Every structure is written in structure tokens, then in C-alpha cells.
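> The structure is given below, and queries will be raised subsequently.
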Amino acid sequence: MESSVLDIPKMTRLLTALGEPARLEIIDQLAKQEQMNVGDLASKFSLSRPTISHHLKILKEAGVVQAEKSGQETYYRVNRDMLILGLQDIADTLKRCWTHTEP
């Protein structure tokens with residue numbers, strides 16, 4: 001399905017979120033574990049809890065992860081549908097660009 005309106009800011013947020021290796025590793029861990037809190041993630045990486053929180057904030061703002069509060073903890077999980085749709089939108093946009101520039 002082609003969209004006639006490009007959401008450039010949304011695509012930029014997604015690409016920015018995915019452009020950091022630590023965030024890709026966080027996505028990978030979340031995909032393997034279903035959901036995790038900051039402490040769970042920090043135990044898997046040599047990153048501080050504040051750094052993990054910062055990366056999760058960027059991923060959440062891009063729609064890549066969802067957060068659910070349970071008591072005092074916040075659990076994060078990959079928003080697979082949004083991630084797939086966002087990447088598909090980017091691929092479709094690139095295809096349209098290339099189609100219009102081919103001789």
C-alpha cells in the first residue's frame with residue numbers, strides 16, 4: 001500500500017533510533033526476552049542504568065518500544081508492528097524515489 005503523504009519526521013526518528021549500535025542491541029535483548037525493565041537490561045550490558053534509560057527514551061519516542069508500568073517498575077517491549085511498518089514505509093519511499101529517477 002502506497003502512502004501519498006511522507007512523514008519525514010517519523011522516518012527520521014526511526015532511523016535515528018536505529019542508528020546507534022547500543023539501541024540495536026537493546027532491541028535484540030527485548031526481542032529475546034519479551035519484556036525487560038532498565039535493571040534487567042543494565043545487567044546485560046556494560047552501560048549504566050541512566051544510559052539505558054536514555055536509549056529507551058529515544059526508542060520509545062520513535063515508537064520502537066512500548067513501556068508498561070507495573071508498580072514502581074516500567075517494563076519495555078519491542079513494538080514489532082510499528083517497527084515493521086516504519087521500515088516498510090522507508091523501503092517504499094526509497095523505491096518510489098528510485099522509480100522516479102530511473103531513465
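> So which lysines can K57 reach, going by Cα to Cα under 26 Å and dropping same-chain residues fewer than 8 places off?
Cα-Cα hits under 26 Å: K10, K32, K44, K69.
> Report the relative contact order of the chain, percent, no decimals, based on alpha-carbon pairs under 8 angstrom and at least 6 residues apart. Don't jump to the answer; show the numbers that get you there.
Numbers: 83 pairs, mean separation 29.6, N = 103.
The value is 29 percent.
> Using helices alone, what [θ] at 222 nm do you get for the chain, with -39,500 (n - 2.57) per DSSP H run of 4 or more residues, divided over all residues and rounded to the nearest 500? Working shown, then result.
Details: 5 runs with 64 residues, N = 103.
After summing the helix terms and dividing by residue count, I get -19500 deg cm²/dmol.
> Follow-up. Volume per residue, Å³, of the convex hull around the alpha-carbon atoms of region 8-93? Walk me through the numbers on the way to the answer.
Values: hull volume 7.3 nm³, N = 86.
In region 8-93, the Cα hull volume divided by residue count equals 85 Å³.
> Tell me, in nm to one decimal, what length is gained between E68 and E25 on full extension, where the rule is 0.36 nm per residue of separation less the Cα-Cα distance?
Details: separation 43, 0.36 × 43 = 15.48 nm, distance 2.02 nm.
Separation in residues times 0.36 nm, less the Cα-Cα distance, equals 13.5 nm.
> Among the aspartates and glutamates, which have Cα under 13 Å from the Cα of K60 when same-chain residues fewer than 8 positions away are ignored?
List returned: E68.
> Note down the nm distance, to one decimal, between modelled labels 7 Å out along Cα→Cβ at H54 and at I90.
Each label point lies 7 Å from its Cα, and together they span 2.2 nm.
> Now a separate question. Which of the trypsin sites (Lys or Arg not before Pro) found in region 5-103 are in a DSSP loop and have at most 16 neighbouring Cβ atoms, other than their own, within 10 Å?
On the way: sites: K10, R13, R23, K32, K44, K57, K60, K69, R77, R80, K95, R96; in loops: K44.
Counting only loop positions with at most 16 other Cβ atoms within 10 Å, the trypsin sites (Lys or Arg not before Pro) in region 5-103 are K44.
Rule-based calculations on the coordinates, nothing more; no lab input. Every value quoted in this text rests on a predicted model; they were computed, and no experiment measured them. In this analysis, Cβ positions are derived from the backbone assuming ideal geometry, glycine residues included, and neighbour counts consider all displayed protein chains.
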